[in-house]
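No lab work stands behind these numbers, since they all come straight from the coordinates. Just so you know, these numbers come straight off a predicted model, no measurement behind them. Positions of Cβ are generated from backbone atoms using ideal geometry, with glycine treated the same way; all protein chains shown enter the neighbour counts.
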Amino acid sequence: MYTQALNTRDQAAPSADSEQDARFQARVDAELKIEPNDWMPEAYRRTLTRQISQHAHSEIVGMLPEGNWITRAPTLKRKAALLAKVQDEGGHGLYLYSAAETLGTSREEMVDQLLSGKAKYSSIFNYPTLTWADIGIIGWLVDGAAIMNQIPLCRCSYGPYARAMIRICKEESFHQRQGYEIMLALCRGTPEQKQMAQEALNRWWWPVLMMFGPSDKDSQHTDTTTRWKIKRFTNDELRQKFVDATVPQGHYLGLTFPDPALRLNEKTGHWDYGEIDWSEFKRVIAGDGPCNRQRMKQRRAAHENGAWVREAALAYAEKRKARERAAYAEAAE
Amino acid sequence: METPLFTYTLRLADTALILGHRLSEWVGHAPILEEDLAFGNMGLDLIGQARSLYTYAGEIEGLRRDEDALAYLRDAPAYRNLLLVEQPNGDFAATMIRQLLYAAFAHPYFGALSKSKDERLAAIAAKAVKEMAYHVRHVSEWTIRLGDGTDESHRRAQAALEELWPYTGEMFEVDRVERALIERGIAVDPATLRAIWDRTIDEVLEEATLTRPRDGFMQSGGRSGRHSEHLGFILADLQFLQRAYPGATW
Amino acid sequence: MTEKNSPLWEVFIRSRNGLAHRHVGSVHAADATMALQAARDVYTRRGEGLSIWVVPSAAITASDPADKDMMFEPTASKIYRHPTFYEVPEEVGHM
């Protein structure tokens, strides 16, 4: 998902058994929340910091592809909704950075990790938004996929993360509906609009399925994060849930999915789908998606162009403090 | 034939939309994440004001043009916004100074308009006045920090002030269209706001250690459809889909 | 190119009249005035607030979870602090 890169990178090994570890695990097993000052295994702290910050980075980078269309939204209602939605994503990034900071890493460090390329973000935001229909698709599918992943995270063992996710899920409920409504308008519109919608679905469907991360048979991570109650469902479980929920919505729109193998399995009641091209997934994660360089360039530009503003704010705060001290000293005399 | 009330309402609407559009360009690119959200809020305030005003303008006109017909299907010469608000975002200082110069005017303006004899305008203004009060608060604080921050931020803020100052005169102009409405107690006479605007600006600039530019030649024309080159590019962006797919519903 | 960290502030919001301020999250800002505005822009976008407090995160002194037993256990046995500890005949009615 937004933290899918975790699945492919070094896995935090469980720390050596100790009494503290056992007590920690007992708390987690009892569904008690772990709070910032509580003792926690170093690996738990590391894994969570990485997961939450990747999640935050994804929200921030995710502002860019949709932000492309704020100035070009086709009606004032759509413009306001999209602006509010992209703004929400900034807010979600902020809540998540805050949650990660409680684990002892500053936002500045996390941002540096993103800008230096050390930290990852969701592969999905390295795909371009070429037409207005892409904005509909992002809301309907990308946010739809994100919600599948985020709802279980509301019960994550780490308190600040769980609380951030509750807030995010509450705010995000409008995002997916907003996207689906855009798709609905396109599919009920002119033949050109319908084609725009279909073409967008064709481009985004497979990358969206990749958002859930590698197939369970190829990912070893699940044990530890499941035991720690950070993750509650496997990648494939969430992916299947998403496909089952989404396919009928697409059919309602009168759209077809670009997967000849997609069919309802009468026995299981689930939608079977074709093989995902994991080489594309690995390539995009590794930096060779259509927009990786562009996205990072934009983020770096915003950061670098803003440096003088942040400096000015800090310099002013220092001056004001100094003036207050001086005034206080004078009054004391 | 445009009635004065239609033109007047459209001027207010266009100014709000174009400035909201400009601020929305920042979202995702601000110097501080917190400020991405602030730009979003200010942009949404302005776009919301524009929508109410366009809807009302369409009703006054009576030709069944809705907010989108007015926003998306008029070319630059038919746009009536202040030149100030179509000026490019520039750096963070330029955006903040532009917002300060406008908000310090719009806040008392909507305050006065909320007492208009035209009930619809009065209601729209009563909502907008609170929004603009916060804009004044927020951008004043930033102006102070930029002006009294570092040498670089001071230099940038002063440069933005010099560059944008010639666009402030237009806010206080009154033409025949507005004169008649002012006399009927519908429109606001901006002359009555001059002292308030001066005081706000002077106080903020003083605390920001910035120098108020000398009043020289003032650019004008936006409110009668003579714009700077920038508006055409804004509209090319804003109107692209409506123009490329005429008659489509979105 | 590590730049100076901007201070962290904890944000508390009173959502309705009569309720206490509740912790909702944090923001970064160079000073208190900007922290308050950031809190407004970030945490009250959906009408969540009537009043905001911001407090420098560094100003909070927290109890140590390791002291939990010493700090909070001793009260568990003081059941005489609770009204149900005392018997009042039913005939006396609600008290």
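So the values come out like this:
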item: Anchor residue A:33: aspartates and glutamates whose Cα lies under 12 Å away (excluding residues fewer than 8 positions away in-chain); result: none
item: At least 27 Å along the helix axis (C-alpha) and Kyte average at least -0.5, DSSP helices within chain A; result: A:76-101, A:159-187
item: Estimated 222 nm signal from helices in chain B, with DSSP H stretches of n ≥ 4 weighted -39500 (n - 2.57), rounded to 500; result: -21000 deg cm²/dmol
item: Extreme residue, positive dipole direction of chain B, given options B:89, B:60, B:79 (C-beta unit charges); result: B:60
item: Residues whose placed amide H lies under 5 Å from that of residue C:26, excluding near-sequence neighbours; result: C:11
item: Exposure proxy ranking, count of Cβ atoms within 10 Å, fewest first, for B:136, A:208; result: B:136, A:208
item: Under 20 Å from the Cα of residue B:115 - lysines, other chains or at least 8 residues apart; result: B:127, B:130
item: Average beta-carbon neighbours from other chains, 10 Å sphere, peptide C:22-28; result: 6
item: Mean Cα-pair separation over length for chain A, i.e. relative contact order, pairs under 8 Å, 6 or more apart, %; result: 21
item: Phi to ³J(HN,Hα) by Karplus 6.51 cos²θ - 1.76 cosθ + 1.60 over region B:43-48, Hz, x for Gly, Pro; result: x, 5, 4, 5, 5, x
item: Peptide B:43-56, shielding by other chains (average Cβ, 10 Å cutoff); result: 2
item: Kirkwood Rh and Cα Rg combined as Rg/Rh, the protein assembly as shown; result: 1.01
item: Within chain A: Cβ-based charge dipole about Cα centre, in debye rounded to nearest 20 (Lys, Arg +1; Asp, Glu -1); result: 720
item: Rounded D (µm²/s) - region A:170-289, Kirkwood Rh over Cα pairs, Stokes-Einstein at 20 °C, 1.002 mPa s; result: 131
item: Calculated FRET value between residue A:112 and residue C:58, using beta carbons and R₀ = 25 Å, to 0.05; result: 0.75
item: Crossing angle, helix B:4-24 versus chain B [Cα axis fit, 0-90 degrees, rounded to tens]; result: 50
item: Inter-chain Cβ neighbour average for residues B:143-151, partner chain, 10 Å; result: 6
item: Proximal lysines to residue C:78, defined as alpha-carbon separation beneath 23 angstrom and excluding residues fewer than eight positions away on the same chain; result: C:68
item: Cα centre as origin, Lys/Arg/Asp/Glu Cβ charges: region B:92-247 dipole, Debye; result: 580
item: Ascending count of other beta-carbon atoms within 10 Å, so fewest first, for A:217, A:170; result: A:217, A:170
item: Dimensionless Rg over Rh [region B:118-250; C-alpha; Kirkwood]; result: 1.04
item: Under Karplus coefficients 6.51, -1.76 and 1.60, residue-wise ³J(HN,Hα) of region B:162-176 in Hz, glycine/proline x; result: 4, 5, 8, 3, x, 9, 7, x, 4, 4, 9, 6, 10, 10, 4
item: Relative intensity, log₁₀ I(q)/I(0), of chain B from a Debye sum that treats every alpha carbon as a point, q = 0.08, 0.10 Å⁻¹; result: -0.29, -0.46
item: Helix-derived mean residue ellipticity, 222 nm - over chain A, DSSP H n ≥ 4, -39500 (n - 2.57), to 500; result: -20500 deg cm²/dmol
item: Zero-based 10 Å bins, Cα pair distances in chain A, whole percents; result: 5, 24, 31, 22, 11, 4, 2, 1, 0
item: Per-bin percent of Cα-Cα distances, region C:8-85 [5 Å]; result: 3, 14, 18, 14, 11, 11, 11, 10, 6, 2, 0
item: Ranked A:127, A:252, criterion: other C-beta atoms within 10 Å, fewest first; result: A:252, A:127
